[in-house]
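The values are calculated or read from the model by the stated rules, or taken from the named source; none is laboratory data. Computed from a prediction, not measured in an experiment: that's the story for all the values here. Cβ placement follows ideal geometry from the backbone for every residue including glycine, while neighbour counts extend to all protein chains displayed.
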Amino acid sequence: MRIAVVTESFLPQVNGVTTSVLRVLETLRQRGHEAIVIAPTTPSPRHLGFAVHRVPSIPIKQFPVAMPSRAVIDAIDDFAPDVMHVAAPFLLGRQAILHGARTGIPTVAIYQTDVAGYLQRYGAGFARPALDRLVLAIHEPATLTLAPTPTAATALRELGVPRVGVWGRGVDSELFHPRRRTSPGAAALRARAAPDGELLIGYVGRLAPEKQVGRLSELLRMPRTRFLVVGDGPDRARLAAELPADRVTFTGRLEALELAEAYAALDVFVHFGTEETFGQTIQEAQAAGLPVIAPAMGGPVHLIEQGRTGVLVDPAAPGAFRAAAGALAADPARRAAMGEAARRSVVGRSWQANNALLLDAYRDAQSVARMPAVAL
């Protein structure tokens, strides 16, 4: 197949959307498919041998937002794809989906970001009805929309989005592995962040308001505990100023082996965000054999089995995160058992198996697109 990958985020930006796109491109190359990438940023005109077309963008909250342009249409038409993969569609993705609807190119829209929920976090909750209408307007013309969890799929259907399926995310269980705990890199990071052998609780991800990393302060009164924050973003300076440097270590953004060793250095992983449609770092922490504490809402509900692979808490309950972390801190045997169960729960979710389902979805979209127009 010839696949045009239209994405709202790409390298050098590193986040869930970019990671997913990179893994999809790896699969397409391995399977012998042809592809192009259309994105607002790129460090190189080619990735894995595929051409990358950079399109105009404007920065919003340090994030480049692609703008619709004639260059998008020209790149699609010149490539003449069999199907378009549209990652986390917003303005750029909407243009691609509408072009596909006009020209008969099947489009598979990958829903990954709860934009309305994020804007509520930024104080623009009054705009939620309009944003819900925008989500519908973006996804309604798509041949097929894939949500990361059944909960997200149900929410899209309730908005009126037709033809919604579920496609999750894979995880590299060889890269993220408990055996890395004894690696030199993990040992060095642990010695730096918890020099006296304290329990080390960590977060990995973007440092932005919607991730609510500042709630780490709720855990600071726990004795013999240190904290590790891995990632970067617009909230980093504020968090570094508010959280005590003698208790909290910031590493900045880490990738590949360094990231895997950071997970391995931890005893417990905590995630505070309540607008997650999935939660890829939760899967990575689980693959590394860590018990995870996360809100009992959104994506984490589908990744964590309560009490067996992690702890789901009511984010609105005062002290809920601290109570969960304290219980794990006091019970090393429970942490170990939970970490083992967490790893077992994700080892079968390889990117190879996950993306095979995506290729099936491409073929399904082609079949739908070939139906008479009245059937759509």
| Selection status of R334, modelled with pLDDT of 95 or more and assigned by TED's automatic domain parsing to the domain that holds V270 | yes
| Residues of the range 323-358 being surrounded by fewer than 18 Cβ atoms within 10 Å (Cβ to Cβ) and either of a type in the set (D, E, K, R) or under 20 Å from the mean Cα position of the chain (by Cα) (or both), which ones? | D331, R334, E340, R344, V347, G348, S350, Q352, A353, A356, L357
| field | Number of the exception - E261 against (1) free of Cβ contacts under 8 Å to residues at least 40 places away in the same chain; (2) out of contact with any Asp or Glu (no Cβ under 7 Å at 6 or more places or on another chain) | value | (1)
| Single unsatisfied condition, F63 versus (1) buried (at least 17 other Cβ atoms within 10 Å of the Cβ); (2) without any contact (Cβ under 8 Å) to a residue 24 or more places away in the chain; (3) not β-branched (V, I, T) | (2)
| query | Looking only at the range 322-358, which residues are in a helix (DSSP H, G or I) and of a type in the set (S, T, N, Q)? | reply | S345, Q352, N354, N355
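Yes or no: the range 228-247 includes at least one residue that is exposed (fewer than 15 other Cβ atoms within 10 Å of the Cβ), at pLDDT below 95 and farther than 21 Å from A323 by Cβ.
Checked against the condition, which is being exposed (fewer than 15 other Cβ atoms within 10 Å of the Cβ), at pLDDT below 95 and farther than 21 Å from A323 by Cβ, the range 228-247 yields at least one hit.
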